[in-house]
1. Looking at the structure I just gave you, is Thr20 polar (S, T, N, Q) and more than 14 Å from Pro127 (Cβ to Cβ)?
2. So is Leu92 out of contact with any Cys (no Cβ under 8 Å at 6 or more places or on another chain), modelled with pLDDT of 95 or more and farther than 17 Å from Leu16 by Cβ or not?
3. If only one of Asp49, Asp41, Asp25 is within 21 Å of Thr14 (Cα to Cα), over 15 Å from the mean Cα position of the chain (by Cα) and in contact (Cβ under 8 Å) with a residue 24 or more places away in the chain, which one is it?
4. Run down Ser102, Ser107 and say which single residue is over 17 Å from Asn11 (Cβ atoms), touching a residue at least 24 places away in the same chain (Cβ under 8 Å) and not β-branched (Val, Ile, Thr).
5. Name every residue in the stretch 77-88 that is within 15 Å of Gly121 (Cβ to Cβ), hydrophobic (A, V, I, L, M, F, W, C) and touching a helix residue (DSSP H, G or I) at 6+ places or on another chain (Cβ under 7 Å), in order of residue number.
Amino acid sequence: MKKLSAIVRCNMATPLGPMTLAAHDVALVWAGFDGQKHAPDTNAWPMSDANPVLRLAREQLQQYFASKRTAFDIPLDLGSGTLFQQRVWHALLGIAPGTTCSYGAISQHIGNPKAVRAVGGAIGRNPISIIVPCHRVVGSNGALTGYAGGIDRKIALLQLESPT
C-alpha cells in the first residue's frame, strides 16, 4: 500500500470570505472558511500551490461561486471522522443542489432515526464545507439552524444554489 504524502494547504479568496483548502497527494481533507467552528489548526500544514488536488478544488470552487458548477468531482478523504460522522458526511453528498434536507431525514437515511442531535454534531464537524453540502441541512420546520461557517454564509450558499 502506497504511503500518502503529508497534508499541504492553500488559501482561497471567495465572495463569502477566505477559505483554506488542505489535501494530501490523492484527496482533499479540509475545505473551510477561515475562523469557522471546529476548524483544525491549518497553520500546521505547509503551503503549496503545486498540489494537483488543491488546484482542482480551487478551480471547481471558483466555478461554483461563479454559478458555473453545481456538482464537484474532487477526490475526498473523509477519514478524519468517526465511522458515524463518516456515514453522516457521505449522506450529505446525496443532497442535490438547490434542495434542502432536515437533520431528521439524515438520521433516518443513515438508519439511526433517534440520533438527530448526533447527526447535527457530525454535520457541524464536516471537514469539507460546500463540497460536502452541510449547508443544505435545515431544521425540521425549514429553519436555517447551525452552520460552522456562520448562518449568513449558509443563507448565501443556499441563495447561490437556488433555482430561482
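1. no
2. Against the criterion (out of contact with any Cys (no Cβ under 8 Å at 6 or more places or on another chain), modelled with pLDDT of 95 or more and farther than 17 Å from Leu16 by Cβ), Leu92 does not qualify.
3. Checking each option against the conditions leaves just Asp49.
4. Ser102
5. Phe84, Val88
The values are calculated or read from the model by the stated rules, or taken from the named source; none is laboratory data. For clarity, every value in this text was computed on a predicted model and none was experimentally measured. Virtual Cβ from ideal backbone geometry, glycine too; neighbours counted across all protein chains shown.
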